[in-house]
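Student: I'd like to ask you about the structure that follows.
The values are calculated or read from the model by the stated rules, or taken from the named source; none is laboratory data. Because the structure is a prediction, the values reported are computed rather than measured. Here the Cβ positions follow ideal geometry from the backbone for every residue, glycine too, while neighbour counts run over all protein chains shown. Heads up: the accessible areas ignore ligands, DNA and RNA and are worked out on the full protein's heavy atoms, side chains in. Shrake-Rupley method; radii C 1.70, N 1.55, O 1.52, S 1.80 Å.
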Amino acid sequence: MVGIGIAALCMAVPAAQAQVKLNAGNIDEVIGQMTLEEKVHMVIGCGMSMGDGVKFPGTAGRTYDIPRLGIPSVYLADGPHRLAMSVKRDFDSRFYYATEFPSGTTVAATFDPNAAFQVGAALGEEVKDYGMDVLLAPGANLMRNALCGRNHEYYSEDPVVTGKIAAGYINGVQSQGTGTCLKHFAVNNQETNRNNNDSRVAQRPLRELYLKGFEIAVKESQPWSIMTSYNKVNGKYTCEDIDLTQNILRDEWGFKGVVMSDWNAGKDAVTSMKAGNDMLQPGQDRQYKAILEAVQNGTLDEAVLDRNVKRVLELVVKCHTFADYEYANETDLKAHAQVDRTIGAEGIVLLDNRDILPLASGIKNVALYGTTSYDMVPAGMGFGSTGVGYYTVSLVEGMRNAGYTVDADLIKQYKKHLADEQKRLYPNGRPPFSLTPLKRAEEFVPTAEELAAQVKNNDVAILTFGRTSGEASDRRVEEFYMKENETALIKQVAEAYHAAGKKVVVVLNICSPVETASWKNQVDAVLCAFQPGQEVGNCVADVLTGKVNPSGHLPMTFAVKYGDAPSDANFPYDYEFKMPSFAMGSGMNFKSKEKEEKPKEPERNVDFTDYEEGIYVGYRYFDTFGKEVSYPFGHGLSYTTFGFEVVSSDMDAEDCEMKVAVTNTGKCAGKESVQLYVKAPEGGLEKPAKELKAFAKTKLLQPGETEVVTLSWKLMDMASFNEKNSSWELAKGTYQWMAATSSADVRCTVEQKVTKSQKVKVHDAMRPLYKIAENDMVKR
Ligand code: BGC
């Protein structure tokens, strides 16, 4: 692993100075007693904890320790959906299991920061129970495009959902005294060539979309640390850009914690130090040498190094390890599985339902189709979860647990098919560790005779389709679409069951949107489960059977086809980028597979990506330009119905508030999320048709029960960013406040007048090097 040579550089230290020991009150004094070499070590990591003999095998890394000054290493491990560490350790017979929690996207689909808090709290407890200190999570990059390989770790195409859910998660983890590391800061919206790609984005979308989620999370939860990303933004590596890590993050947002780089990100360690990227992880010899030399030759002020060391030590003194916490080295896997099951089910989105769900009590025998029913996807791949989980509940198990009989002939057929496919796809066995998605089995369609027997023997057909993605590569456009054999399976199963008057349900167990428009009307219900974690089969069964009334909403738009969103043109949707495994983020400049074929000129969407859609990401585009979608942002059905009524709406010089009474008008208990969109007046800057500013979820409401939910946001949240004078500008005029159940389903609107325009000036930061062209689709 890169960075392993660091240990060899550890310097001998003067033994005579050992009086002072670190505590929260003497950090400056302790720094005063460090040698220059020790200070440099404190701002870089100690390599990845991958080999034999490390304290926590399979974890991301640790900070440097100086025992004579009472400074321990504190331990960093990945999330977001699982505490990532090796399940097995050398010469140790036990298994170190961690819970696979719902993916970031699934958590966001709950539209409930409290659900994120619960997942965070359980994860924070696992980190603590296993003796570590900081969870490298959550990921708060915007879902700019449906094909980003890491969308499953992220929350939404909308920055308010992103920021509020991230804050809930962070507050949850930190409620256990475990630290978080909000990542990947910022504009890391594609994985293709992630170490070198330059995200070129105008200041307005940068401020309003790509930074906004981070800003909300920082202000509402103060994460202990932030991780800068691999990519560049407007020509500069994020870990080397003082505009980002000092001017915006600290000066404007008041961030107080440590900034650390993504693993081996950036090129110039000294520039990173000056930018206030306090710590470089996991640390490389060349970084150590560069920083040391720069201080020695006067190009890096030692006071800058001291400042960065101080921030690292401020983190150290907050950690479990510093407090000598006696960890149990085991965690409450049972309780956490329950958290996963509850929140995993709560994040499931009912997209369509024509008179079939919840399954009626007469339904006893179910036919499960689709290889994913038998081999469910609990989570995405990447360091956040290497795919070596604790267990995964299949849909067979989930339905059986719920008391159903699952067609035994189909089970037999799928078992054989999956075994054959495994041999075909992995003749030498599945890899034990993978960053990129494992290959999934192809579908097959039962013969007409087989189908006829299955229809006869079963009351309903359930088809599950899976998609997974990972780190360091993006999905290709063909993964957005259903494959030919998947479409054939839907068609033939639907025809056979419908001919017998029986119904068909499709379950999507996916990382990110897929195409649904062409086939959704052939079936009776569509459930989008995203990736609910290890309890996946139980979560889906809970919703199918009505044990849980679905209350999830889509945190992103499901477009009709790829190419409908303006960002689609500026994304490497058909590019096969192969990152050599040895080169994981070592700062080298890789190109794709065949070097000699590559043009010399920087390649569009690989070396740089122009964000030509500007502010028109997701529903901001589809709503404003009246473009048809398959399922709109915020969409999600329930087994009951809800009535909305505005109780009050108020505004003062700082704050806005709207109270909405939500009444369960249907026949079973359920929860509802109220989404608050704002439409700005004409005049001032050009605006999207509407923008989400707040959301709130009810408790479980019994039929006839009402709850008044409060939606609050700041007056200046309705402002837009004017690039001409680097100001947030609030236009005067009449604003419409809309309480909705999706971006396409507004239930009630009130008008509020802003009588005085306002401006708040901020740094003129991260300006693009040239004007980003405007995509034709967003020209007005
Ligand atoms: C990922 C980060 C992760 C880090 C440490 C990087 O490759 O981008 O999300 O925290 O590795 O494992």
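Student: Would you mind counting up the charge near V87? Only other residues with Cβ under 12 Å from its Cβ, with Lys and Arg at +1 and Asp and Glu at -1.
Tutor: Local charge sum for V87: +2.
Student: Compute the Rg to Rh ratio over the stretch 2-316 from the alpha carbon atoms, using the Kirkwood formula for Rh, and round to two decimal places. List each step's numbers first, then the result.
Tutor: On the way: Rg = 18.8 Å, Rh = 19.6 Å.
Ratio value, two decimals: 0.96.
Student: Which ³J(HN,Hα) values, rounded to whole Hz and listed in residue order, are derived for the stretch 606-622 from phi using the Karplus coefficients 6.51, -1.76 and 1.60 in 6.51 cos²θ - 1.76 cosθ + 1.60 with θ = phi - 60°, glycine and proline given as x?
Tutor: Couplings: 10, 7, 8, 9, 8, 8, 6, 7, x, 7, 8, 9, x, 5, 4, 7, 4 Hz.
Student: So, by mean Cβ neighbours within 10 angstrom, what's the order for 131-143, 528-540, 755-767 with the highest one leading?
Tutor: The most tightly packed comes first, giving 528-540, 131-143, 755-767.
Student: Now a separate question. So, R0 is 56 Å and r is the distance between the beta-carbons of A689 and E293; what FRET efficiency does that work out to, to 0.05?
Tutor: E(calc), rounded to 0.05, equals 0.55.
Student: Another question about this same structure. Provide the per residue accessible area, probe 1.4 Å, for the chain, rounded to a whole number of square angstrom.
Tutor: Each residue of the chain exposes 36 Å² on average to a 1.4 Å probe.
Student: Calculate, for V646 and Q702, the FRET efficiency according to 1/(1 + (r/R0)^6) with r their C-beta to C-beta distance and R0 30 Å; round to the nearest 0.05.
Tutor: 0.85
Student: At a threshold of 8 angstrom on Cα-Cα distance, excluding pairs fewer than six apart, so keeping six or more, what relative contact order does the stretch 2-316 reach in percent?
Tutor: 18 percent
Student: Helix 536-545 sits at what angle to the longest principal axis of the chain, using alpha carbons and giving 0 to 90 degrees rounded to 10?
Tutor: The angle comes out at about 40 degrees.
Student: Residues of the stretch 712-743 with backbone nitrogen within less than 20 Å of a virtual label 7 Å along the Cα-to-Cβ line of S757, please, listed as ranges.
Tutor: Zone members listed by number: 715-736.
Student: D for the chain, whole µm²/s, Stokes-Einstein with Kirkwood Rh over alpha-carbon pairs at 20 °C and 1.002 mPa s: what number?
Tutor: Stokes-Einstein gives a translational diffusion coefficient of 79 µm²/s.
Student: Rank by packing, highest mean first: peptides 192-203, 292-303, with packing defined as the count of other Cβ atoms within 10 Å averaged across residues.
Tutor: 192-203, 292-303
Student: Another question, then. So what's the projected area for the stretch 346-556, the Cα convex hull averaged over all directions, in nm²?
Tutor: 11.3 nm²
Student: Of the lysine pairs in the stretch 702-780, how many meet both conditions: Cα atoms under 29 Å apart, and a spacing of 8 or more in sequence or different chains?
Tutor: Qualifying lysine pairs in the stretch 702-780: 26.
Student: For the stretch 296-308, what does the Karplus curve 6.51 cos²θ - 1.76 cosθ + 1.60, with θ = phi - 60°, yield as ³J(HN,Hα) per residue in whole Hz, taken in order and with x for Gly and Pro?
Tutor: Along the stretch 296-308, the couplings run 5, 9, x, 7, 10, 5, 4, 5, 5, 4, 4, 4, 5 Hz.
Student: Relative contact order for the stretch 648-693: what percent, with Cα pairs under 8 Å and sequence separation of 6 or more?
Tutor: Working: 31 pairs, mean separation 11.0, N = 46.
Here the relative contact order equals 24 percent.
Student: For the stretch 721-737, take each phi angle, set θ = phi - 60°, evaluate the Karplus expression 6.51 cos²θ - 1.76 cosθ + 1.60, and give the result in whole Hz per residue in order, putting x for glycine and proline.
Tutor: 8, 9, 5, 5, 10, 6, 10, 7, 10, 9, 7, 7, x, 9, 9, 9, 9
Student: Using modelled amide H (1.01 Å from N, peptide plane; none on Pro or chain starts), what sits under 5 Å from the amide H of G61, excluding residues fewer than 5 places away?
Tutor: S49, L76
Student: How high is the relative contact order of the stretch 631-780, in percent, with contacts defined as C-alpha pairs under 8 Å that are six or more residues apart?
Tutor: About 24 percent, as a whole number.
Student: Further question: Please give the net charge around D650, taking every other residue with its beta carbon less than 12 angstrom from that of D650, where Lys and Arg add +1 and Asp and Glu add -1.
Tutor: -3
Student: If you don't mind, there's one more thing I want to ask. Counting other Cβ atoms within 10 Å, which trypsin sites (Lys or Arg not before Pro) in the stretch 240-305 have at most 13 and lie in a DSSP loop?
Tutor: Answer by residue number: K256.
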